[in-house]
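Undergrad: Structure provided below as structure tokens; questions to follow.
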Amino acid sequence: MPKRIVGMAVLSLAILAFFFYPRLVPEPAAIATDATFKQVVLDPPPLEADGQVLVSAGDFLPLAGGSADWYNGQGVLRGAGSARVVAGSPVATLNGEPRQLKVPPRLVGDKLYIPLQLALAVLGTSSSQGGSDLPLPPLRGSTGVHFRYYPVYDLQARYDPASGEIQGELLLAYQNPFLTPLRQLNFNLPANAPFGNGASLAVTRAVVNNRPVAVHFKGSRLEVPLPRALAPRETLSVVLSFKTVVPPGDMRLGRDGNLSTVSGWYPILAPPTEDTWAGVAGTAYGDPYFAGAAYYLVRLTLPSGYQVLASSRLTGRQERGEWTDWSFNSDQPVREFAFTAAPDWQFTTRQAGRVQLVVASRGEMAPAVLDVAARALEFFQKLYGPYPYSYLHIAFVPLDNLAGMEYPGLLLLSNRKPYNPAVVVHEVAHQWWYNLVGNDTRQAAWIDEGLAEYSTLLFYRHFDPGLYQAKLAEITQLAARTGAPINLPLEEYGSEQDYRQAVYNRGAMFWLELERMAGEEQLKEALAYVQRYYRYEIIPPRALLTIITYYGKLDSNNFSPFLRNK
């Protein structure tokens, strides 16, 4: 994270302590002013045509008090003014006067998309400035829009690998991104779910804006009530003291001898879903929790002699007798913070553009891993967009049930399985599909896992056509073993084998079929747009399908063979 961001985070927390603690302010109205288009995320998503932005008329106009009606491709738009449009026609009438549009309105599924400039003109807030970052009218409503605000996690923790105990404190700076007030914050405690395999995470103290609060535990969920409602765009601070016990075992949260793999170890904000907050799924397989993106500042204290590799950039190391402090900074928003530690790592590094690649190994094939990771990093940047971090870390760890596991800027490879370069490619692809663009991995793992498998096939199609054909044949064979929809909740698959055949293998076939129907270039264009618009965000499945439908000129029925209740 740049110094100015760190400084702003510290300053904002100091300001919070001054302003919020002594005052009680009435709950404000859920209206947001002074916002620009690039500051918000719309649902349904905007689309692009010939350099112009299109928005869904029936969803965007009501956010600012307007309305839209259409039938048989003809629409009437109302706000401060009114307009009439016809899908496919570049001529509209605005307040009774003809108006030439740079791009015509169009129907995408059951929605009428109109130029953003026209929508703003109807609402009476048209701007003469160019580009897409236009000022928006005052926004209201409980759904359909949120701000691109990313919390700051300031984590300090002391970890004793011998006992497995972590004593930690989280200082969270959180700004309400929604147009409705919040009365509580919800945190997930992954260590307390089946994911933890016997781990435990106990929160011992909670403070909101310098006021102690009584929290409520519901299994792997922590509810933190707020002393008063948090208004839209308002900021608060939360302090949580916690203790985590990392169990013995070869898991994502476990310790094997003197090597520890530590993920899901601290309270992490539960992301919102359509009508609730997403919890942790009751499975040990798959990715049973997911998170919104945030900035991370982390200081870990471990026994001296241990080496640490983490999902952030190392910014400092200070030895203090028997203990050593390790400081990390995420640079940009990431989904979570995980780390691995051992006293006998061998580090191998390579520079790939502005990204430093680091492999932590104990005799494994580090140079070969660096070769594949560097090529995959370059390939996916050209395909999907820039990788914004200065680091990409890779560690060989004992994972009995997994060949690899992805975290932001940190890839874990199992040292219990034969080295497979395709696993490296798959995990690098996850830096785009899971980290940069997130999704609900409990309900829609077909997005990140299906796209990571599809991206791996694209990599080998480009670099090794023979191996591509072999992998394609293998995936096709495995996918044929199940007819299960690829978008079932994790629990409904019943077993890890059924989950993998549907989500990984059949999920890859889904993207290959879309490529066949839409065209390779059209699908690439759609996925590149997803990466631009939803970077650091969580994409709803319906939004992804809208974008694919639009760029690929597809019909929603094209998805039926793979998706249940699309």
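The values are calculated or read from the model by the stated rules, or taken from the named source; none is laboratory data. Predicted model, so just to flag it, every value in this text is computed and none were measured. All Cβ positions, even for glycine, are placed from backbone atoms using ideal geometry, and neighbour counts span all protein chains on display. Only protein heavy atoms, including side chains, enter the accessible area calculation; ligands, DNA and RNA are left aside. Shrake-Rupley method; radii C 1.70, N 1.55, O 1.52, S 1.80 Å.
Undergrad: Report the gain in length on full extension from ARG148 to GLU491: 0.36 nm times residue separation, minus Cα-Cα distance, nm rounded to one decimal.
TA: The span from ARG148 to GLU491 would gain 120.4 nm if fully extended.
Undergrad: Might you tell me the accessible area per residue for the stretch 64-191, computed with a 1.4 Å probe and given in Å²? The partial results should precede the final answer.
TA: Values: 5540 Å² over 128 residues.
For the stretch 64-191, the solvent-accessible area averages 43 Å² per residue.
Undergrad: Right, here's the next one. Just to compare against my own numbers: the Cα pair-distance distribution for the stretch 162-265, 10 Å bins, whole % per bin, please.
TA: Pairs per bin, as whole percents: 15, 40, 28, 14, 3.
Undergrad: Then there is this: By the gyration tensor of its Cα atoms, with a ≥ b ≥ c the square roots of the eigenvalues, what is the shape of the chain: rounded for a/c under 1.5, prolate for a/b over b/c, or oblate? Please list the in-between numbers first.
TA: Numbers: a/c = 1.94, a/b = 1.27, b/c = 1.53.
Oblate, since a/c reaches 1.5 and b/c is not below a/b.
Undergrad: Leaving out ligands and nucleic acids, note down the accessible area per residue over the stretch 237-306 with a 1.4 angstrom probe, in whole Å².
TA: 27
Undergrad: Which entries in the list LYS111/LYS382; LYS417/LYS471; LYS417/LYS524; LYS382/LYS417 go over 25 Å, if you measure between the two C-alpha atoms of each?
TA: LYS111/LYS382; LYS417/LYS524; LYS382/LYS417
Undergrad: Can you give me the angle between helix 445-463 and the longest principal axis of the chain, using Cα atoms only, in degrees from 0 to 90, rounded to the nearest 10?
TA: Once rounded, one gets 80 degrees.
Undergrad: I would also like to ask the following. Just to confirm a number: summing +1 for Lys and Arg and -1 for Asp and Glu over residues other than ALA294 whose beta-carbon lies under 11 angstrom from that of ALA294, what do you get? Let's see the in-between values first.
TA: Numbers: positive: ARG335; negative: ASP154, GLU336.
Taking every other residue near ALA294 into account, the sum is -1.
Undergrad: Within the stretch 134-162, what residues put their amide N at less than 13 Å from the label point 7 Å along the Cα-to-Cβ vector of ASN258?
TA: Flagged as within label range: 161-162.
Undergrad: If packing is taken as the average count of other Cβ atoms within 10 Å, what order do 421-428, 247-254 fall into, highest mean first? Write down the numbers at each step before the final one.
TA: Working: 421-428: 23.1, 247-254: 20.4.
Result, highest mean first: 421-428, 247-254.
Undergrad: Can you tell me how the stretch 384-455 classifies by the Cα gyration tensor, rounded, prolate or oblate, using a/c under 1.5 as the rounded cut?
TA: Taking the square roots of the gyration eigenvalues as a ≥ b ≥ c, the stretch 384-455 is oblate.
Undergrad: Through the Karplus equation 6.51 cos²θ - 1.76 cosθ + 1.60, θ set to phi - 60°, convert the phi angles of the stretch 151-164 into ³J(HN,Hα) values in whole Hz; use x for Gly and Pro.
TA: My calculation for the stretch 151-164 gives x, 10, 9, 10, 10, 10, 8, 10, 10, 10, x, 5, 9, x Hz in order.
Undergrad: What is the distance in Å between the Cα centroid of the stretch 479-550 and that of the stretch 392-447?
TA: Going from one Cα centre to the other spans 17 Å.
Undergrad: Please compute the net charge surrounding PHE328, taking Lys and Arg as +1 and Asp and Glu as -1 over other residues with Cβ under 14 Å from its Cβ.
TA: The answer is -1.
Undergrad: A further question on this structure: Using only the Cα atoms of the stretch 54-112, build the gyration tensor, take square roots of its eigenvalues as a ≥ b ≥ c, and label the shape rounded, prolate or oblate: rounded if a/c is under 1.5, else prolate if a/b is larger than b/c, else oblate. Write down the numbers at each step before the final one.
TA: Working: a/c = 1.66, a/b = 1.04, b/c = 1.59.
Taking the square roots of the gyration eigenvalues as a ≥ b ≥ c, the stretch 54-112 is oblate.
Undergrad: At a threshold of 8 angstrom on Cα-Cα distance, excluding pairs fewer than six apart, so keeping six or more, what relative contact order does the chain reach in percent?
TA: RCO, the chain: 11 percent.
Undergrad: Let me ask something else. Counting other Cβ atoms within 10 Å, which trypsin sites (Lys or Arg not before Pro) in the stretch 458-490 have at most 15 and lie in a DSSP loop? Write out the running numbers ahead of the final one.
TA: Values: sites: ARG461, LYS471, ARG481; in loops: ARG481.
Listed in order of number, the matching sites are ARG481.
Undergrad: How large a share of the accessible area of the chain, in percent, is made up of carbon and sulfur atoms when the probe is 1.4 Å and the other protein chains stay in place?
TA: 50
Undergrad: Write down Rg/Rh for the stretch 45-148, rounded to two decimals, with Rg from the C-alpha atoms and Rh from the Kirkwood relation over Cα pairs.
TA: Checking Rg against Rh, the ratio lands at 0.92.
Undergrad: Now, a different point. Of the beta bridges DSSP finds with both residues in the chain, what % are antiparallel, to the nearest 5?
TA: 85
Undergrad: Which trypsin sites (Lys or Arg not before Pro) does the stretch 373-437 hold that lie in a coil by DSSP with at most 15 other beta carbons within 10 Å? Walk me through the numbers before you get to the answer.
TA: On the way: sites: ARG375, LYS382, ARG416; in loops: ARG416.
In loop regions of the stretch 373-437 (DSSP not H, G, I, E or B), the sparsely surrounded trypsin sites (Lys or Arg not before Pro) are ARG416.
Undergrad: Angle between the Cα long axis of helix 541-552 and the longest principal axis of the chain, 0 to 90 degrees, nearest 10?
TA: 60
Undergrad: What does the charge count around GLY385 come to, taking other residues whose C-beta lies under 15 Å from its C-beta (Lys +1, Arg +1, Asp -1, Glu -1)?
TA: Here the count lands on +1.
Undergrad: Work out, step by step, the length gained on full extension between ASN210 and LYS417: first 0.36 nm times the residue separation, then minus their alpha carbon distance; give nm to one decimal.
TA: Residue separation times 0.36 nm, minus the Cα-Cα distance, leaves 69.6 nm.
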